[in-house]
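To start, the structure under review is shown below, and the notes come after it.
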Amino acid sequence: MKHIIAVIAVGLAAWASVYMLGLDTEVHKMDSIARIIKSTAMEDSKLGGQTVKTKPVVHTQAKASPAKSQTKEMDKKLAALRERAGNLAAFSVSPLYKKSCASCHGNVGEGIIGPKLMGRTKDYILTNLKAFKDGSRKNYVMYGLLSKMPDSDLESLATEIGTFQAKFDAATKK
């Protein structure tokens with residue numbers, strides 16, 4: 001009977017050690033994510049070269065109120081972002097572009113995760129779409145998206161994207 005209890009105790013101790021190691025790993029992941037977020041800065045030429053830094057979310061019991069100068073600075077940045085968002089939504093895009101491209105390249109090709117498409121020519125876009133589709137240009141996300149897409153859709157996307165800059169210029173001159 002003593003041996004069975006000893007085996008159970010050792011098993012529980014081993015399980016607790018593995019569980020605590022898993023928790024420790026998760027804490028280290030969260031610390032790494034917080035460091036990455038803290039060090040990430042986004043610069044946008046449409047904001048006058050301003051750098052907008054993102055800050056990690058830290059859960060605390062009491063919230064500290066930001067300084068007034070910091071609040072004014074954030075208000076300016078938010079106003080600039082609102083103006084930019086209004087300008088970028090100045091024209092509509094096709095459902096095909098929204099479904100296939102907008103999540104990475106932005107609502108009107110301004111670039112988010114993927115590169116900026118606005119200002120590129122139809123020929124440039126079409127050449128690159130075909131290269132991604134046939135695998136001669138390596139990007140697994142683009143290949144996965146385009147590998148089964150018909151060439152007529154590639155042509156439509158290239159034509160549409162090629163007009164983004166002119167549409168944007170026309171919409172922002174109003």
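Picking from residues in the stretch 89-104 that are part of a loop (DSSP other than H, G, I, E, B) and either farther than 16 Å from T159 by Cβ or small (G, A, S) (or both), the one that is modelled with the highest pLDDT is S94. Test L78 against the criterion of being in contact with a helix residue (DSSP H, G or I) (Cβ under 7 Å, 6 or more places away or on another chain), within 28 Å of P115 (Cα to Cα) and at pLDDT below 80, and give yes or no. Spelling it out, it is not the case that L78 is in contact with a helix residue (DSSP H, G or I) (Cβ under 7 Å, 6 or more places away or on another chain), within 28 Å of P115 (Cα to Cα) and at pLDDT below 80. The residues in the stretch 89-112 that are under 13 Å from the mean Cα position of the chain (by Cα) and among the charged types (D, E, K, R) can be counted, and the count is 1. When we screen A158, A166 for residues that are over 15 Å from C104 (Cβ atoms), of a type in the set (A, V, I, L, M, F, W, C), loosely packed, with under 14 Cβ neighbours inside 10 Å and without any contact (Cβ under 8 Å) to a residue 40 or more places away in the chain, the only hit is A166.
Matching residues to (1) surrounded by 10 or more Cβ atoms within 10 Å (Cβ to Cβ); (2) modelled with pLDDT of 75 or more; (3) out of contact with any His (no Cβ under 6 Å at 6 or more places or on another chain); (4) not aromatic (F, W, Y):
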position: H3; (1), (2), (3), (4): no, yes, yes, yes
position: A6; (1), (2), (3), (4): yes, yes, yes, yes
position: A9; (1), (2), (3), (4): yes, yes, yes, yes
position: A14; (1), (2), (3), (4): yes, yes, yes, yes
position: M20; (1), (2), (3), (4): yes, yes, yes, yes
position: I36; (1), (2), (3), (4): yes, no, yes, yes
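Only a single criterion out of (1) within 18 Å of the chain's Cα centre (by Cα); (2) at pLDDT below 55 is not satisfied by A64, namely (1).
The values are calculated or read from the model by the stated rules, or taken from the named source; none is laboratory data. The structure presented is a predicted model; accordingly, all values stated were derived computationally and were not measured. Please note: Cβ atoms are built from the backbone with ideal geometry, for glycine as well, and neighbour counts cover all protein chains shown.
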